[in-house]
Amino acid sequence: MSLYRLIYSSQGIPSLQSQDLKDILESSQRNNPANGITGLLCYSKPAFLQVLEGECEQVNETYHRIVQDERHHSPQIIECVPIRRRNFEVWSMQAITVNDLSTEQVRTLVLKYSGFTTLRPNAMDPEHGLSFLLDIAKIYELSDNFFLDL
Ligand code: FAD
């Protein structure tokens with residue numbers, strides 16, 4: 001068994017609607033369990049930041065399917081590494097929008113890991129990308145509300 005973690009960023013198309021996010025989440029939650037994929041998808045207009053965890057082959061296949069999706073473009077791999085264990089094992093995929101950076105906690109997190117006041121995943125190094133995703137997961141796990149509205 002060779003577990004991998006892949007983190008990438010991409011840019012959502014300008015016409016992206018909240019229904020698109022809901023559709024993406026629905027497909028992910030339908031497909032990922034069958035492929036043993038877990039992870040988290042974070043959206044902050046226009047950027048996506050996603051972590052995929054699973055078997056090397058499945059992560060690879062899922063990533064290559066995702067990058068062909070016309071709802072986003074300019075994918076950039078931040079990290080693709082073997083891991084000993086998963087960090088997001090409770091989610092086949094969960095989506096979080098941090099568009100309005102509505103809570104002070106989220107604003108502080110963005111500043112902490114990106115050095116900017118808006119989320120710019122492609123400016124994050126692998127360590128900061130993962131730490132940001134883990135911290136934001138903690139906040140939203142507690143709130144039980146995943147704010148899928150844009
Ligand atoms: P369906 O789920 O049946 O497709 C559902 C609907 O989505 C279609 O009717 C269509 O309206 C729309 N759609 C599907 N594919 C496209 C496309 N390429 N372009 C525009 N609209 C489309 N999929 C996963 O399985 N796991 C993931 O973790 C995952 N993460 C994603 C992250 C991002 C940022 C994006 C943009 C997409 C992600 N997807 C993910 C979706 C993935 O790109 C494929 O669309 C999906 O896997 C196709 O699943 P399906 O064959 O079951 O199609």
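The values are calculated or read from the model by the stated rules, or taken from the named source; none is laboratory data. Nothing here was measured: the structure is a model prediction, and the numbers come from that model. Reconstructed Cβ throughout: ideal geometry from the backbone, glycine too, with neighbour counts over all protein chains shown. Accessible surface areas use protein heavy atoms only, side chains included; no ligands, DNA or RNA. Shrake-Rupley method; radii C 1.70, N 1.55, O 1.52, S 1.80 Å.
Considering only the stretch 60-69, I want to know if a residue exists there that is surrounded by 17 or more Cβ atoms within 10 Å (Cβ to Cβ), more than 13 Å from residue 133 (Cβ to Cβ), at pLDDT below 95 and under 14 Å from the mean Cα position of the chain (by Cα). Spell out how you get there, then give the answer.
First pass over the stretch 60-69, keeping only residues surrounded by 17 or more Cβ atoms within 10 Å (Cβ to Cβ): 62-63, 66.
Narrowing further to those that are more than 13 Å from residue 133 (Cβ to Cβ): 62-63, 66.
Narrowing further to those that are at pLDDT below 95: none.
No, there is no match, as no residue in the stretch 60-69 is surrounded by 17 or more Cβ atoms within 10 Å (Cβ to Cβ), more than 13 Å from residue 133 (Cβ to Cβ), at pLDDT below 95 and under 14 Å from the mean Cα position of the chain (by Cα).
If a residue has to be closer than 19 Å to residue 126 by Cα and of a type in the set (A, V, I, L, M) to count, how many in the stretch 9-61 make the cut?
In the first step, residues of the stretch 9-61 are kept if they are closer than 19 Å to residue 126 by Cα; the result is 9-11, 38-44, 47-54, 56, 59-60.
Filter again for of a type in the set (A, V, I, L, M), leaving 40-41, 47, 49, 51-52, 59.
Total meeting the criteria: 7.
Applying the criterion of being surrounded by 13 or more Cβ atoms within 10 Å (Cβ to Cβ) and free of Cβ contacts under 8 Å to residues at least 40 places away in the same chain to the residues of the stretch 111-127, the residue that is farthest from residue 5 (Cα to Cα) is 111. Among the residues of the stretch 43-58, is there at least one that is β-branched (Val, Ile, Thr), within 10 Å of the ligand (Cβ to nearest atom) and more than 18 Å from residue 141 (Cβ to Cβ)? No: the stretch 43-58 contains no residue that is β-branched (Val, Ile, Thr), within 10 Å of the ligand (Cβ to nearest atom) and more than 18 Å from residue 141 (Cβ to Cβ). Taking the condition more than 19 Å from residue 131 (Cα to Cα), among the hydrophobic types (A, V, I, L, M, F, W, C), modelled with pLDDT of 95 or more and under 16 Å from the mean Cα position of the chain (by Cα), does residue 37 pass? Judged against the criteria, residue 37 is a match. Of the residues making up the stretch 107-116, those that are at pLDDT 80 or above and among the hydrophobic types (A, V, I, L, M, F, W, C) are 109, 110, 111.
Looking at the structure I just gave you, is residue 101 modelled with pLDDT of 90 or more, in a loop (DSSP other than H, G, I, E, B) and more than 15 Å from the chain's Cα centre (by Cα)? Working first, answer last.
Details: modelled with pLDDT of 90 or more: no; in a loop (DSSP other than H, G, I, E, B): yes; more than 15 Å from the chain's Cα centre (by Cα): yes.
In short, no.
Tell me yes or no: at least one residue of the stretch 71-94 is assigned to a helix (DSSP H, G or I) and either open to solvent by 60 Å² or more (accessible area, probe 1.4 Å) or within 12 Å of the ligand (Cβ to nearest atom) (or both). Spell out how you get there, then give the answer.
So in the stretch 71-94, the residues assigned to a helix (DSSP H, G or I) come out as none.
No, the stretch 71-94 contains no residue that is assigned to a helix (DSSP H, G or I) and either open to solvent by 60 Å² or more (accessible area, probe 1.4 Å) or within 12 Å of the ligand (Cβ to nearest atom) (or both).
Is there a residue being part of a helix (DSSP H, G or I), in contact with a Ser or Thr (Cβ under 7 Å, 6 or more places away or on another chain) and either open to solvent by less than 10 Å² (accessible area, probe 1.4 Å) or free of Cβ contacts under 8 Å to residues at least 60 places away in the same chain (or both) anywhere in the stretch 50-57? The answer is yes; a qualifying residue exists. Looking only at the stretch 1-42, residues that are in contact with a Leu (Cβ under 6 Å, 6 or more places away or on another chain), outside any helix (DSSP H, G or I) and within 9 Å of the ligand (Cβ to nearest atom) come to 2 in all. You will find that of 130, 134, the residue that is touching a residue at least 40 places away in the same chain (Cβ under 8 Å), touching an Asp or Glu at 6+ places or on another chain (Cβ under 9 Å), among the aliphatic types (A, V, I, L, M) and in a helix (DSSP H, G or I) is 130 and no other. Restricting 18, 9 to residues that are closer than 20 Å to residue 140 by Cβ and out of contact with any strand residue (DSSP E or B) (no Cβ under 6 Å at 6 or more places or on another chain) narrows the list to 18.
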